[in-house]
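For reference, the structure is listed below as structure tokens.
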Amino acid sequence: MTVGELFAAWGSILSGRAPMLSIEITRECPLSCPGCYAYGDFHLGGEKKLTELSDLRGEALVEGVLGLVKKHRPLHVSLVGGEPMIRHRELSRILPELSRRNIFSMVVTSGIIPIPMEWMGLRRNRVAVSIDGLPEHHDPRRKPATYERILQNIHGREVNIHWTITGPMMKRPGYLEEYLAFWQARPEVKRIWVSLYSPQQGENTPEMLTLEERQRVAEQLPGLRETYPKLLMNPGIAQAILEPPKNPQECLFSRMSTNFSADLTTRVEPCIFGGTPDCSQCGCVVSSGLHHVQQRKLVGPLSIGHLVRGSTAIGSLMNLLRSGSVMPARWQTLASRQPDATDLVQIGPGGSD
């Protein structure tokens, strides 16, 4: 996060708006991946499921997404699903408009559908392809979005790879390096992001990692970055994987994002996973990265985390003063109190205290 991006995000939060917007633009997906959080019974709180929503398409979807962007004024928009590429025609209208507005955008796809070549020329746009392990693990989980099909559909493009590590992958020595070696060598790949499978509370599935497996991931990945420079990982992020935020209120990613499901009305809370995520086992790369970033000091004892906590409290109060509140539900607990010493570092005439 650059200084300019930090202060832009700070300004958004002070005005009562989250700088990150995530939208599940469709409920449809041709895959049936084990452990997919989006199709879980409690992803949307238990009263309804993603498959039960009435999603939009065509002009209604384009106008609906751009309407949310206008209302929330985010710095970054993630377009997910379902499988967002099912709405590639609408995305081909939405993405150029986001680029024109100088908004960062990212489409997260399984790679099941060819990525339009014209997207590659858009400023501030990135496509992330989810590839969960080597073919022996990925292909059975994500068929028909197999390695063969993905390689055809990203040929000649530039993409990021998003890899979610699951328990079975850690049962074989050398697995991490074998995966990185394959995707490091692909000319289409710009960056490789790594997350760990993040379960819901009370979950007990084969995808989950043991504590020992999480520790091995955190120990091994930072050392592999020198050999595989496309890997987005450093010791700070690795440590954040082992010490994730204790709850959504401590999660900088959760506090800085607003998430909508396919009807463009239903909120996904408390974070993109929805439901009741087990924060003690969170392995989300964005959450880990921001959790690491918020420890950075700015002036004296003042950290990025102090700015966000204080700004969120102030933004919540500002939001209550105007009609049509847009703040995430998890901010509302802060609106009932004034910021205190844990939220803001007081800087007096003599400096920090």
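Assorted remarks:
- In this simple spin-label approximation, residue 100 and residue 57 carry label points 7 Å from Cα along the Cα→Cβ vector, and these lie 2.5 nm apart.
- Partners for residue 190 among lysines (Cα-Cα distance below 21 Å; same-chain residues under 8 apart left out): 230
- Across all directions, the shadow cast by the convex hull of region 167-273 built on its C-alpha atoms averages 8.7 square nanometres.
- Inter-label distance, residue 204 to residue 146: 3.5 nm, where each label sits 7 Å from its Cα along the C-beta direction.
- Length added when fully stretched, residue 28-residue 120, from 0.36 nm per residue minus Cα-Cα: 30.7 nm
- Linear extension gain, residue 212 paired with residue 247, 0.36 nm per residue minus alpha-carbon span: 10.4 nm
- Segment residue 48-residue 220, extension gain: residue separation times 0.36 nm, minus the distance between their alpha carbons: 57.9 nm
- Where only C-alpha atoms are counted, convex hull volume of region 19-301 per residue in Å³: 135 Å³
- Burial order of peptide ranges 113-122, 244-253 (average beta-carbon count within 10 Å, highest first): 244-253, 113-122
- Cross-link partners of residue 70 among lysines, defined as those whose alpha carbon lies under 29 angstrom from its own and excluding same-chain residues fewer than eight positions apart: 48, 49.
Taken together, the values in this text are just the output of simple stated rules run on the coordinates, not laboratory data. Remember, it's a predicted structure, so these values are computed and weren't measured experimentally. We place every Cβ from the backbone using ideal geometry, glycine too, and count neighbours over all the protein chains shown.
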